[in-house]
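First the structure, in the form of structure tokens, and then the observations on it.
Just so you know, all these numbers are worked out from the coordinates, no wet-lab data involved. Predicted model, so just to flag it, every value in this text is computed and none were measured. All Cβ positions, glycine included, derive from the backbone under ideal geometry; neighbour counts span all protein chains shown.
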Amino acid sequence: MNQNYQHFKTRLLPNGVLLIGFDTKDKKVNVLNTETVGELTSVVNSALEDTKVKGVVLASLKQGCFIAGADISEIAAMTDKEVCKALVMKVHNLFLKMEESPKAFVAAIEGVCLGGGFELALACDWRVASDNPKTSLALPEVKLGIIPGFGGTQRLPRLVGLPAALEAITSGKTFYAVPALKRGMLDDVVSHIKFEKTIDALDKEPFIQQAVKRALSGKRNFALQKFPLMTKILGMPIVRDYVTLKKARQMIMKQTKGNYPAPLAAVDAVERGLELQGKGLRPYVEAELPILLDLVVSPLSKDLIGIFFSTERAKSREIGPPMPVDRKQTLGVLGAGLMGSQIAGVLVDKGFDVKMKDVKPEFLCPGMDRIFKMELKDLKKKIIKKPELEQRLLRIEPVTNWDGFDRIQYVIESILEDLAVKQQALAEWEAIAPKDAIFASNTSSFPLSKIAEKAKNKERVVGMHFFNPVRQMQLVEIIKAEATSDETVLKAYNLAKSLGKIPIVVKECPGFVVNRILARYLAESILLLAEGISVEDIDRAAKKFGMAIDSGHAMGPLELCDYIGIKTAVLVLNSLKALGERVEGHPLVTEMLPKDKKPLTFWSEGKGNPAVYEILKSKYGWQPKTLSQEEITKRLMLPMADEALRCLQEGVVEKPWQINLAMMYGAGFPAFRAGLLNWLARRGLEKTRQDLEEMSVKYGKRFAPCSFYKEAEQVLEKLM
Ligand code: NAD
């Protein structure tokens with residue numbers, strides 16, 4: 001066999017199994033693009049022609065990655081359907097050749113197996129995986145506004161049955177090795193033993209040895225495929241049309257409100273493929289391709305791919321000399337409450353040891369319990385095994401004193417929101433901390449400089465503002481006060497990166513970026529309510545706009561206040577007093593916090609809370625009123641856009657994309673609107689400025705636009 005490949009290495013084992021090791025040149029991960037697909041086609045052709053080859057095992061020579069999918073930069077550049085079709089047809093021809101050859105093909109999967117990579121595995125006869133915790137399978141194409149286009153919408157239903165396939169294809173959800181095995185996506189899962197990834201060492205790995213056995217066992221016979229009874233019933237023609245596919249579409253509409261066409265298009269592709277079965281046509285081409293081509297060139301897909309790239313850039317961006325954080329060290333967390341315990345949990349997930357300090361053992365116990373429940377979720381999802389769960393929990397040391405903190409380089413402060421208590425903790429820490437250590441505060445509402453007011457080494461104090469729930473929320477605002485040193489910022493930034501978060505550096509200002517912009521939306525929603533608009537109408541307009549839709553639970557501003565708690569919302573609004581009337585809000589919120597009683601919520605039993613209306617009527621002469629959905633939306637969204645421009649004007653962040661990501665990942669601004677500033681630029685800066693001028697006359701000076709609109713034209717031009 002020709003050994004001179006750029007991206008592949010091959011080795012023929014004495015038993016006739018050809019090992020193909022994928023190793024995309026000059027990339028950290030394996031990708032399928034014109035070049036690698038072309039070369040793989042040559043490798044496969046040679047294997048098929050070579051009579052010594054009895055079967056083929058396709059594996060990766062990269063640690064932690066089988067195949068990351070199709071090369072997204074290639075998809076991003078595709079504006080011509082014919083260009084896209086040419087690449088897709090090359091892939092189809094290759095996959096069909098593998099499928100139709102008499103030799104068995106096996107995908108030996110370790111690490112991420114995404115999109116096109118998973119589709120390649122689906123075109124193999126067998127899929128054998130190692131139980132490396134990084135092994136995960138997904139078809140995330142819908143998140144980029146397209147559908148799996150290398151046969152995934154056709155081969156997955158055949159393999160796992162219709163309901164499980166629809167779930168995977170329309171949600172883009174990740175499946176770890178054991179759940180994937182249970183669903184039939186994998187044939188075997190074998191214990192992971194780490195070896196170096198070279199073509200010569202590959203067959204020492206137990207999962208490769210199992211893959212070799214499968215390759216020698218011959219082709220898969222789909223006629224012998226067995227499904228559970230329920231899967232069979234849900235796949236029967238009538239049930240499938242009237243129940244399974246219908247339900248899938250209803251579920252998608254419920255979640256996306258029709259704003260993301262790709263998941264629905266994926267259902268169409270699956271359905272069309274089923275209709276073509278037995279008609280002598282190739283459903284990969286006939287059913288899937290036309291739908292894929294329409295989506296690939298759509299503006300929405302380009303926007304979603306743009307967001308994907310911004311996110312990846314933000315995750316890997318360096319803001320100074322690369323400084324990886326050593327995971328073999330103990331970090332400190334102060335406060336074992338809601339946030340502190342979750343932060344400690346995320347730290348141990350990533351391999352750090354943690355000392356979690358609170359004032360009393362009785363405050364540490366609920367914190368430990370919260371972490372235990374977080375880890376239990378991973379155990380239930382089979383992401384980790386019991387020994388790993390135990391290891392993680394044992395790596396957290398709950399403490400009530402400062403012993404050992406004199407050797408800790410990073411302390412994350414997540415103590416209750418009381419300035420004096422935070423200052424006191426900082427002073428106590430400074431007295432014993434090593435000289436290079438940093439103190440990262442998770443405060444939501446205090447200026448960092450205030451917390452560090454009395455500190456001896458203000459340059460070591462930085463903000464690391466996490467969001468709740470800490471595991472799921474990817475954003476961390478890194479707050480730089482005037483006195484914070486660049487080195488401290490760099491350390492906090494790299495720590496956030498090592499947790500897999502998206503760190504955005506923010507110059508200290510009231511509310512930082514997310515809460516500052518979001519506060520205008522929340523404050524306006526309460527004013528709308530006080531003016532007479534119902535809770536339902538306000539939240540409906542925001543949901544229609546798409547707020548929080550990407551979390552799977554669209555939510556309006558008043559429901560969001562209920563979620564974060566009116567107490568916290570008031571705390572945040574109060575901390576923004578420096579912004580003046582822009583976030584003044586309405587005194588109703590303090591009335592909703594009766595002394596010694598449970599705080600009120602805006603929603604109660606699925607409707608606006610009568611108790612809140614009662615307060616409004618009795619104290620503020622409230623009368624119900626209606627306003628068009630368009631006007632409500634303008635009143636909620638334009639202040640946010642204006643505040644985002646003010647942040648840019650003041651240099652709170654360096655670049656507009658940082659605001660876009662911060663609002664998407666921290667405040668639920670919908671991805672289909674391409675980011676808050678893109679949305680504003682597309683709406684028109686001058687039009688928005690004029691609208692705000694008019695609104696400031698009609699509703700109050702809080703709407704008066706900032707003075708940055710003209711300049712912003714040039715700044716935002718590059719975003720479009
Ligand atoms: P919480 O009330 O749940 O927990 C605070 C914990 O701090 C309590 O367990 C308390 O006993 C402990 N504590 C008090 N004094 C202490 C001391 N001297 N040393 C160590 N621990 C001490 O509060 P939380 O919601 O976890 O918030 C903690 C911090 O995180 C606050 O600064 C808050 O602004 C910030 N924050 C909260 C959220 C949120 O959604 N709750 C989001 C982002 C940031």
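When peptides 102-108, 601-607, 677-683 are sorted by average Cβ neighbour count within 10 Å, with the highest value leading, the order is 102-108, 677-683, 601-607. Each of 517, 526, 193 has some number of other Cβ atoms within 10 Å of its Cβ, and from fewest to most they run 193, 526, 517. For the cross-link pairs 173/543; 598/701; 543/625, the ones whose C-alpha atoms lie over 25 Å apart are 598/701.
In plain terms, the C-alpha convex hull of the chain casts an average shadow of 33.4 nm² when viewed from every direction.
Using +1 on the beta carbon of Lys and Arg, -1 on that of Asp and Glu, and nothing else charged, what's the dipole of the range 1-159 about the Cα centre, debye to 20?
280 debye
Net charge in the neighbourhood of residue 389 (other residues with Cβ under 12 Å of its Cβ; Lys, Arg +1, Asp, Glu -1) is +4. As a rough footprinting exposure proxy, the listed residues 327, 392 were ranked by other beta carbons within 10 Å of their own, and the order from fewest upward is 327, 392.
So which trypsin sites (Lys or Arg not before Pro) in the range 39-72 are both in a DSSP loop and have at most 14 other Cβ atoms within 10 Å of their Cβ? Filter output for the range 39-72: 52. Applying 0.36 nm per residue to the separation of residue 625 and residue 238 and subtracting their alpha-carbon distance, the gain on full extension is 134.5 nm.
Take 19-27, 373-381 and order them by the average number of nearby Cβ atoms within 10 Å per residue, most first; the result is 19-27, 373-381. Is the C-alpha gyration tensor of the range 75-128 telling us rounded, prolate or oblate? Criteria: a/c under 1.5 is rounded; beyond that, a/b larger than b/c is prolate, otherwise oblate. Since a/c reaches 1.5 but b/c is at least a/b, the shape of the range 75-128 is classed as oblate.
Restricting attention to the range 1-113, close to 30% of DSSP beta bridges with both partner residues there are antiparallel.
The GluC sites (Glu not before Pro) of the range 392-466 meeting both criteria, a DSSP state outside H, G, I, E and B (loop) and at most 16 other C-beta atoms within 10 angstrom of the site's C-beta, are 453.
From most to least packed by mean Cβ count within 10 Å, the peptides 238-247, 333-342, 700-709 give 333-342, 700-709, 238-247. Net charge of the neighbourhood of residue 307, taken over other residues with C-beta under 12 Å away and scored Lys/Arg +1, Asp/Glu -1, is +1. Centre-to-centre, using Cα atoms only, the range 393-430 and the range 253-281 are separated by 53 Å. Compared with the dominant Cα axis of the chain, that is its longest principal axis, helix 685-698 is turned about 40°. One Cα centroid belongs to the range 77-143, the other to the range 571-624; the line between them spans 54 Å.
Taking every DSSP beta bridge that has both ends in the chain, the antiparallel portion is near 20%.
Taking the fewest neighbouring Cβ atoms within 10 Å as the starting point, the ordered list for 147, 208 is 208, 147.
If you average the alpha carbon positions of the range 647-720 and of the range 323-337, how far apart do those two centres end up, in angstrom? The distance from the Cα centre of the range 647-720 to that of the range 323-337 comes to 36 Å.
Using a simple spin-label model with pseudo-atoms 7 Å out from Cα toward Cβ, residue 193 and residue 596 lie 6.9 nm apart. Farthest towards the positive end of the charge dipole of the chain, among the residues 68, 18, 172, is the Cα of 18, using unit charges on the Cβ of Lys, Arg, Asp and Glu.
Look at the dipole of the chain built from charges on Cβ: of 374, 209, 415, the Cα furthest out on the positive end belongs to 209. All other residues whose Cβ lies under 11 angstrom from that of residue 20 are scored, Lys and Arg at +1 and Asp and Glu at -1, for a net of 0.
A simple charge model with +1 on the Cβ of Lys and Arg, -1 on the Cβ of Asp and Glu and nothing else charged puts the dipole of the chain at about 1360 debye relative to its Cα centre.
Note on residue 473 and residue 204: the model spin-label points, each 7 Å out from Cα along the C-beta direction, lie 4.6 nm apart. Prolate is the label for the range 104-242. Its Cα gyration tensor axes, ordered a ≥ b ≥ c, give a/c of at least 1.5 and a/b above b/c.
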